[in-house]
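Structure record follows, encoded as structure tokens.
The values are calculated or read from the model by the stated rules, or taken from the named source; none is laboratory data. The shown structure was predicted, so the numbers you read here are calculated from the model rather than taken from an experiment. Here the Cβ positions follow ideal geometry from the backbone for every residue, glycine too, while neighbour counts run over all protein chains shown. Keep in mind that these areas ignore ligands, DNA and RNA; they rest on the heavy atoms of the full protein, side chains included. Shrake-Rupley method; radii C 1.70, N 1.55, O 1.52, S 1.80 Å.
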Amino acid sequence: MKFKTINTIICSATMSVITVSAIFLAEIIGIANELFRLPYLLVVAVIYAAMLLSESKKQLLLKWVLSLPFSFFCFEYFWQTHYSIRALNWIIEGYGTQSAGGNFSGFIVLILLLVLCFAGMIFAYFKSSEKIKRYIKVQSLTGIWIFMLMIIVVAYLETRFPAYHDVLSYH
């Protein structure tokens with residue numbers, strides 16, 4: 001497999017994992033300390049833009065398109081494990097299931113994250129060029145480290161959360 005192909009896959013997976021997990025981790029960060037939520041989302045958008053930087057516009061589009069199926073599987077994991085509800089019950093014991101206000105707040109965070117990532121995509125679109133060639137190896141190594149770090153953080157937090165059936169018993 002060519003290095004460009006491997007780089008494209010690594011960057012797409014990293015973009016997916018960091019963006020989808022940010023939807024759920026921003027909730028945990030916001031409850032722990034609201035001041036850190038926006039800086040965290042900005043860092044996610046910067047990483048998203050950095051992973052999109054490419055030698056050509058075609059490669060940028062390929063990275064983005066490949067990130068969609070990765071995002072679906074990542075989102076499915078968080079959804080099926082009831083990650084945010086269990087996280088909320090870990091932080092606020094006896095919280096129960098998420099309220100309409102909590103869902104609305106999560107929706108606002110999601111919209112903010114999508115706007116920031118879209119801005120990152122526009123930035124990457126205009127910065128992508130042949131000059132990016134020397135940056136690609138650093139991009140792949142950084143992408144692998146970020147990808148692994150996010151998986152470790154999500155897995156570690158997962159071990160701390162209460163079981164979903166325990167959450168349902170709070171009512």
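Solvent-accessible area assigned to carbon and sulfur over the chain amounts to 75 percent, based on a 1.4 Å probe.
Using DSSP H assignments, which helices in the chain have an axial alpha-carbon span of 20 Å or above and a mean Kyte-Doolittle hydropathy of -0.5 or higher? Can you show the working numbers first?
Working: long enough: 3-32 (41 Å, 1.63); 37-52 (23 Å, 1.93); 57-80 (35 Å, 0.47); 100-127 (40 Å, 1.91); 136-160 (36 Å, 1.39).
Flagged H segments are 3-32, 37-52, 57-80, 100-127, 136-160.
If the chain linking Glu93 and Thr159 were pulled fully straight, counting 0.36 nm for each residue of separation and taking away their Cα-Cα distance, it would gain 22.2 nm. Spatial offset of region 104-171 relative to region 11-70 amounts to 4 Å, using the alpha carbon center of each. Model label sites at Lys131 and Ile31, defined 7 Å from Cα along the beta-carbon direction, differ in position by 4.5 nm.
Report summary: the helix-based calculation at 222 nm, which adds -39500 (n - 2.57) for every DSSP H run with n ≥ 4 and divides by the residues of the chain, gives -27500 deg cm²/dmol. Annotation: aspartates and glutamates with alpha-carbon distance below 13 angstrom to Lys131 (same-chain offsets under eight excluded): Glu55.
Applying 0.36 nm per residue to the separation of Phe73 and Leu61 and subtracting their alpha-carbon distance, the gain on full extension is 2.4 nm. This model, with +1 at the C-beta of Lys and Arg and -1 at the C-beta of Asp and Glu, gives region 1-71 a dipole about its Cα centre of some 420 debye. The Ile111 and Lys2 beta-carbon pair, evaluated with R₀ = 30 Å, returns a calculated FRET efficiency of approximately 0.20.
Given a 1.4 angstrom probe, what's the average accessible area per residue across the chain, in square angstrom?
Details: 9720 Å² over 171 residues.
On a per-residue basis, the chain sits at 57 Å².
One entry in (i) 39, 16, 13; (ii) 33, 16, 13; (iii) 26, 18, 15 is semi-axes √(5λ) of the Cα gyration tensor in Å calculated from the shown coordinates; its label is (ii).
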